[in-house]
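The values are calculated or read from the model by the stated rules, or taken from the named source; none is laboratory data. Predicted model, so just to flag it, every value in this text is computed and none were measured. Note that we place each Cβ from the backbone using ideal geometry, even for glycine, and neighbour counts take in every protein chain shown.
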Amino acid sequence: MIKTTIDNRDFEHVHIDTYSILTGESADEMMREYERDNAEEAGRDYDENRDIDYDMNAIREALAKESIGYLENELENNELDGLITDIKFLNTGHPKFYNYTTDWYVAEYTIDEDKMNEYIQKHLEAVQAKLETYSKQYDENLVDNKYHAAVCHLIDHLIDREDYNMHMREIESEVYYENMQWSDEKEANNKK
């Protein structure tokens, strides 16, 4: 078994983009609607300007772990089972400005070396092309890392963009809802 560390932005279809795709908008609407209904039921006014605080670090981590779970499930359900034996979440981050990139996570992929070498031989040209792309765009040290390129090639061809996006949107509201609270309630809890 060997290990390689990969930033999800090296994949074509795998993301945890909270800026333009997984924005939490539906969770925000749901929380405000719930509060509005409760206010009406209790006979009190509803404050439309009430702010919500989001724990974005926890949201990114939860989305990353969901993404990893999705990849593991997809890897188990086909002839590629056993090539990647484990995916371990390491960390997540976000850019200071969203001009050129988006949120990311880094994971460690444990690979069955013999099986992956067979995979590389079957897809040699494509894996070499992927390797050249990374060596030009990211880090010259990746030139020697055929396993990094092979995992990226495998994931790029395994994961369907629409299916992945649908899965992530299905869990988006729950992830946000579990990591958000009213700002005034947060302040009151912090004072205790």
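Starting from residues that are hydrophobic (A, V, I, L, M, F, W, C) and assigned to a strand (DSSP E or B), keep the ones in segment 104-132 and report whichever is nearest to S20 (Cα to Cα).
W104
Can you tell me which residue is farthest from the chain's Cα centre (by Cα) among those in segment 27-52 that are in a helix (DSSP H, G or I), surrounded by 13 or more Cβ atoms within 10 Å (Cβ to Cβ) and of a type outside the set (D, E, K, R)?
Of everything passing the filter in segment 27-52, A39 is farthest from the chain's Cα centre (by Cα).
When you scan segment 79-102, do you find a residue that is over 23 Å from the mean Cα position of the chain (by Cα) and at pLDDT below 90, even just one?
Yes: segment 79-102 contains one or more residues that are over 23 Å from the mean Cα position of the chain (by Cα) and at pLDDT below 90.
Cβ contacts < 8 Å: first residue within 17 Å of M31 (Cβ to Cβ) and of a type in the set (A, V, I, L, M), restricted to segment 176-192; second residue in a loop (DSSP other than H, G, I, E, B) and modelled with pLDDT of 65 or more, any location; separation 6+ or different chain. Result?
Qualifying pairs under 8 Å: M180/G24; M180/D55.
Any chance segment 82-92 includes a residue that's of a type in the set (A, V, I, L, M), out of contact with any strand residue (DSSP E or B) (no Cβ under 7 Å at 6 or more places or on another chain), within 21 Å of M116 (Cβ to Cβ) and assigned to a loop (DSSP other than H, G, I, E, B)?
No: zero hits.
For (1) loosely packed, with under 15 Cβ neighbours inside 10 Å; (2) hydrophobic (A, V, I, L, M, F, W, C), each residue gets a yes or a no:
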{"residue": "N73", "(1), (2)": "yes, no"}
{"residue": "I84", "(1), (2)": "no, yes"}
{"residue": "N99", "(1), (2)": "yes, no"}
{"residue": "Y105", "(1), (2)": "no, no"}
{"residue": "I111", "(1), (2)": "no, yes"}
{"residue": "K146", "(1), (2)": "no, no"}
